[in-house]
1. Touching a Lys or Arg at 6+ places or on another chain (Cβ under 6 Å), assigned by TED's automatic domain parsing to the domain that holds ALA17 and either under 27 Å from SER96 (Cα atoms) or touching a residue at least 24 places away in the same chain (Cβ under 8 Å) (or both): does that describe THR149?
2. Assess whether THR281 counts as being within 14 Å of ALA192 (Cβ to Cβ), crowded, with 19+ Cβ neighbours inside 10 Å, among the β-branched types (Val, Ile, Thr) and under 14 Å from the mean Cα position of the chain (by Cα).
3. Please count how many residues of region 293-339 are over 30 Å from GLN203 (Cβ atoms), of a type in the set (Ser, Thr, Tyr) and outside any helix (DSSP H, G or I).
4. Looking at region 165-250, what helices (runs of 4 or more DSSP H) fall wholly within it and have at least 1 residues that are aromatic (Phe, Trp, Tyr) and touching a residue at least 40 places away in the same chain (Cβ under 8 Å)?
5. Do you know which residues across region 314-338 are within 25 Å of the chain's Cα centre (by Cα), polar (S, T, N, Q) and loosely packed, with under 15 Cβ neighbours inside 10 Å?
6. I need the full set of residues from region 252-292 which are within 23 Å of GLU126 (Cβ to Cβ), assigned to a helix (DSSP H, G or I) and in contact with a Leu (Cβ under 9 Å, 6 or more places away or on another chain), in order please.
7. Please identify the pairs in which a residue from region 47-72 that is touching a residue at least 24 places away in the same chain (Cβ under 8 Å) and of a type in the set (Val, Ile, Thr) has its Cβ atom under 6 Å from the Cβ atom of a residue that is surrounded by 11 or more Cβ atoms within 10 Å (Cβ to Cβ) and not in a helix (DSSP H, G or I), counting only partners at least 6 apart or on another chain.
8. Across region 286-310, which residue is farthest from ALA147 (Cα to Cα) among those that are surrounded by 14 or more Cβ atoms within 10 Å (Cβ to Cβ) and of a type in the set (S, T, N, Q)?
Amino acid sequence: MLKILSPLGVRPHAVKAACLVGDVEDSENQVSFAITGQQSDILGRVLSENQRRKVQKFVVATSIDFSYEKSVRFLSDTLRSGGYSAVLSIGDTKTSLCAALAAKSANVMLVHYESGLRSTIRTLEERIRRKIDRITDLHLCYNEQCAVTLNAEGVSRSRIQVVGSLYEESLATSLNEASSYDGMYEGMIVVALHRKENRWNAQNAAALSRQLNDFSQKKLLICHPSNSNHMISSVKSHSDQWIVAKEMENPFFVRVLSDATAVVTDSAGIAEQSFLLNKPTIILRDCTERPWILGPRSRLAGLSKLSSVLSDVLARSSSMSPQLDCKASRRILEVLGSI
């Protein structure tokens with residue numbers, strides 16, 4: 001049996017996706033999840049009580065105060081004392097980097113999932129992805145495009161495996177799970193924004209409201225802890241146009257996405273799920289590390305062009321029905337079991 005440690009990322013839907021790795025029945029591998037101070041509140045924020053209980057059984061420890069030094073030490077000590085054989089680092093959070101550094105410190109195999117994702121702008125997440133990929137032993141990729149990118153950067157194909165998207169599997173799983181959602185947000189434009197570089201000061205928040213208030217559909221802002229008071233107060237001042245809701249449990253949130261007229265987000269994971277649901281999608285960013293989701297109905301846009309680009313994607317028709325791959329977690333475990 002291979003004993004694997006995987007840190008949970010700060011992104012709510014990434015938590016759900018990561019936990020799928022440990023959910024595959026009859027697996028000979030044991031996956032534990034580590035929580036550091038970067039996401040010490042993540043379980044209580046968005047997971048249902050049943051999900052929290054399920055995940056908590058696999059959590060090895062919690063460190064309240066986050067720092068790179070503390071987290072690397074905590075994770076490397078856990079690896080040594082717990083007899084772990086490998087680290088599965090998922091994504092591009094600060095904790096993902098700490099886990100990668102801890103694997104090197106403890107001299108265990110480092111496996112990076114979401115390896116080979118690349119954007120054209122060196123954001124913090126982009127720098128973290130590249131740092132982890134430079135020291136990774138085994139690269140697990142979404143698709144062949146990511147594998148080709150890694151190979152062009154000098155990574156041998158023997159160290160690359162294409163396994164699919166955990167976000168896609170999480171979407172399929174959530175669509176099949178019970179939820180209390182009753183269609184209350186049907187037909188709305190769903191807005192989910194969290195990236196700090198968007199700097200939601202009073203001026204930008206007012207601009208967001210102006211750009212979207214041109215549309216007749218109601219707008220649903222799903223609050224994130226990083227959203228400023230400027231953003232919340234700006235949209236609440238247009239209560240005839242906007243509804244403000246707190247973060248949602250994943251099955252509930254997926255049904256809200258399914259009912260949306262369109263989605264405006266700066267989250268790569270939410271954009272991926274919206275694309276898979278064939279929803280008109282605006283990614284409020286200058287670039288994305290998932291370029292394959294871009295197309296006539298899924299576009300990048302800056303704040304100043306939001307209204308015109310959203311009008312364009314809403315005018316595009318499509319009869320595509322999503323065919324969701326539900327085997328990424330099983331492929332990941334199969335690859336891990338073969339090392």
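1. Numbers: touching a Lys or Arg at 6+ places or on another chain (Cβ under 6 Å): yes; assigned by TED's automatic domain parsing to the domain that holds ALA17: yes; either under 27 Å from SER96 (Cα atoms) or touching a residue at least 24 places away in the same chain (Cβ under 8 Å) (or both): yes.
Yes.
2. no
3. 5
4. By residue number, 166-176.
5. SER321, GLN323
6. ALA268, ILE270, GLU272, GLN273, SER274, PHE275, LEU276
7. Once the first residue is touching a residue at least 24 places away in the same chain (Cβ under 8 Å) and of a type in the set (Val, Ile, Thr) and sits in region 47-72, its partners that are surrounded by 11 or more Cβ atoms within 10 Å (Cβ to Cβ) and not in a helix (DSSP H, G or I) give VAL59/PHE33; VAL59/ILE35; VAL60/SER32; VAL60/ALA34; THR62/ILE35; THR62/SER40; ILE64/SER40.
8. The selected residue is SER307.
The values are calculated or read from the model by the stated rules, or taken from the named source; none is laboratory data. Every value quoted in this text rests on a predicted model; they were computed, and no experiment measured them. Counting neighbours? That spans all protein chains shown, and the Cβs are built from the backbone with ideal geometry, glycine included.
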